[in-house]
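The values are calculated or read from the model by the stated rules, or taken from the named source; none is laboratory data. Nothing here was measured: the structure is a model prediction, and the numbers come from that model. When we count neighbours, we look across all protein chains shown, and the Cβ atoms used for this are built from the backbone with ideal geometry, even at glycine.
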Amino acid sequence: MHAQGAAAPLPPAGGRGIVFDAVSVAYQHSVVLDDFSLRVEAGEFMALIGPSGSGKSTALRCVAGFTQPRAGRIFIGNSDVTKVPPYQRGIGMVVQNYALFPHMKVEDNVAFGLQAQGAPKERIARRVHECLRLVGMSAYQGRYPRQLSGGQQQRVAIARALAIEPRVLLLDEPLSALDAQIRRAMVEELSSLHQALPELTVLYVTHDQTEALTLADRIAILRGGKLSAVGPSHALYQQPPNRFSAEFLGNANLLPVVCEPASDANAGAVQFAGTRLSTQAHALAPGSAALLCVRPHALEVVDAGCAMANVLHGTVQSEYWHGEQQTLRVECAGAVLRVSAPPHLTLPPVGARISVRFDAALATVVPDDASGSQGRADAAL
């Protein structure tokens, strides 16, 4: 792990990558991006996530050329595009409402960018055919957008963005207007698209954590216009570097603990409410305050007399059934744990005592930093 933030300027990305080099954006004295630095490698699928107002869509618009930074630089490949007009950047973009031309048929929507570039008719026809085939919309080329479902319109918008053979593809919450079932199908389509076009660099803005975890090679978490954390999706989920990333990505349980000396170099140990618990190895000093991060699905309901390690006892506060799982809220020594349980499991009623346990390999320790280390990426995992 190493810190990534406002240090030395980042060099150009090379190929078809993207670099934000100390980018700042402000609207009427309100800072939206603050000294934001991030590298997206060529061919990488990078997701930007964060709460509303964190700056993720602004970052995307800076790459597109629709927002001009007040400081810093944007690179696409080896080119500094900070002051380059949007139409000269070689980017494809899909926005939330798809922005298809309602008076044009599907094939004409897909051809629009190429026609604007003055491409030969033969190339236009070939690219329209290739891109509609790639998104599974060849049979709909003669229809108008109003004759398509939301998911079909989204596929056409992606085909149009790909038709110009962009250096990078920008996706700004493209699935948020779809219902849940279609959204799940489109996540699978985007995953297949990424596999089919491994050379294409994708920058994906979403508020949906599941989309980000499913699609992205790496995830960058923004907070208040700053980069809070960045890393490979699995690593960032399993070992969040700070409190904010643990809470925001996956809604982890965070228990206040004190670090203890570990008896094994490959493991860690903490004290919670008089109980010694084993965790993944960590670098925090013994005696320091910290937070034990355990995901709801990592907690298993066990018998009260269970003799295994890492058992916690508490009282059931509430129960929710979601079809595929049950969620419990358990009060435990002043902290509240969320526990995911299988739907068939018979659970104690509200107010009853309950015992849960977790494997040390599924528990990590993060610094007890209430600010979430806002201001820099604490780890590039």
Inset, instruction - Just give me the residues in region 45-67 being surrounded by fewer than 21 Cβ atoms within 10 Å (Cβ to Cβ) and assigned to a loop (DSSP other than H, G, I, E, B), in sequence order. - result: P51, S52, G53, G65, F66, T67
Inset, instruction - Out of P51, P145, P86, P69, report the one residue that is in contact with a Gly (Cβ under 6 Å, 6 or more places away or on another chain) and either basic (K, R) or in the same structural domain as V187 (by TED's automatic domain parsing) (or both). - result: P86
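State whether the residues of region 68-80 include one that is touching a strand residue (DSSP E or B) at 6+ places or on another chain (Cβ under 9 Å), of a type in the set (V, I, T) and not in a strand (DSSP E or B).
There is no residue in region 68-80 that is touching a strand residue (DSSP E or B) at 6+ places or on another chain (Cβ under 9 Å), of a type in the set (V, I, T) and not in a strand (DSSP E or B).
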Inset, instruction - Considering every residue within region 311-331, establish whether at least one is surrounded by fewer than 16 Cβ atoms within 10 Å (Cβ to Cβ) and either of a type in the set (A, V, I, L, M) or touching a His at 6+ places or on another chain (Cβ under 6 Å) (or both). - result: no
Legend entry - Number of the condition not met by P261 [criteria: (1) outside the structural domain of D217 (by TED's automatic domain parsing); (2) within 25 Å of the chain's Cα centre (by Cα)]: (2)
Inset, instruction - Could you tell me whether G150 is in contact with a Phe, Trp or Tyr (Cβ under 9 Å, 6 or more places away or on another chain) and either buried (at least 16 other Cβ atoms within 10 Å of the Cβ) or touching a residue at least 12 places away in the same chain (Cβ under 8 Å) (or both)? - result: yes
